[in-house]
Amino acid sequence: MDSDPHRSQPQENGIFKSGFVAIVGAPNVGKSTLLNQLLGEKVAIVTPKPQTTRKQIRGILSGENYQIVFVDTPGIHESKRLLNKMLVKWAISALEDVDVVLFVVDVTRRRVCDELGILDLLRQVGRPVILVLNKIDRVAKESLLPIIDSLKDAYPFEAIIPISAKYSDGVDIVLDEILRLLPEGPRFYEEDVKTDQMNEELISELIREKIFLMAEEEVPYSTAVEVDRIEHDPERSRIKIFATIYVERPSQKRIIIGKDGRFIKKVGQMVREELERVFGKRVYLDLWVKVLKDWSKNEKSLKRLGLSFN
């Protein structure tokens, strides 16, 4: 079932609806994929690895009589690592000012009910919650009913919607339910705005995405990206971008650079090609790799990299 994310649900007498919708769930359940499908374009990075999202990513969907501001959040989970604790705080903070919550669950996981601890947080904020059962393309249809039965009494969900975010199956139903629950309100952004990310954030996220896709084990989780500066060259219709990839140990720096610089060159090539599609201009990308020892465990380093909740 293909979804047109820009269609509008019929509403009464020119009523305009708007509001904020948080997308929450455990790590790697498909929150960012769902956001991109709802918007009809990529604003959040997606990888097969859990805990890819580190910040609240806002995506804006505008229709003739509505505007929805989606907030994609880091996966909510228990962790002793300082960085992960900060990410969970960010995710929880996203619930405070929203109108609707999409609680995304991965139906392929053996113990789906283990994720229901998140519902304790949702009870505290008291917002309408839509339960989204994702990845139905990977399970037999007859196995969905027991999952729904086990979840429907756990919380007074406004709706329970099985979907496949990867194939956009059921995403249009999610949109319909959101529009049903949204209050009347103003337009928060211009109609052509798709995200409130600054260019620096977009660039750093794309660099991180390619590292997550290419690197193994703990290396992606030990990397952070900072865009040092962006220079516009209108005469050559070119953008020059200078960015630094931070790792925690010298051994990780060697991996990110790669033999004869092959790894960092491949990352740069992939990012540059995607940025040229985004900006519609040639892109010169200059990447450096530096060691910032144990940055993910250090409050000062997290603050410097814009990853501190405090």
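No lab work stands behind these numbers, since they all come straight from the coordinates. Keep in mind that what you see is a predicted model, and the values were worked out from it rather than measured. With ideal geometry, Cβ positions are generated from the backbone for all residues, glycine too; neighbour counts draw on all protein chains shown.
Listed values, structure above:
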quantity: Over region 155-310 - Rg/Rh using Cα atoms and the Kirkwood inverse-distance radius; calculated: 1.06
quantity: Ranked list, fewest to most other Cβ atoms within 10 Å of each Cβ, for Glu177, Glu218, Glu158, Glu235; calculated: Glu235, Glu218, Glu158, Glu177
quantity: Reciprocal mean inverse distance between Cα atoms of region 131-198 - Kirkwood radius, Å; calculated: 14.4 Å
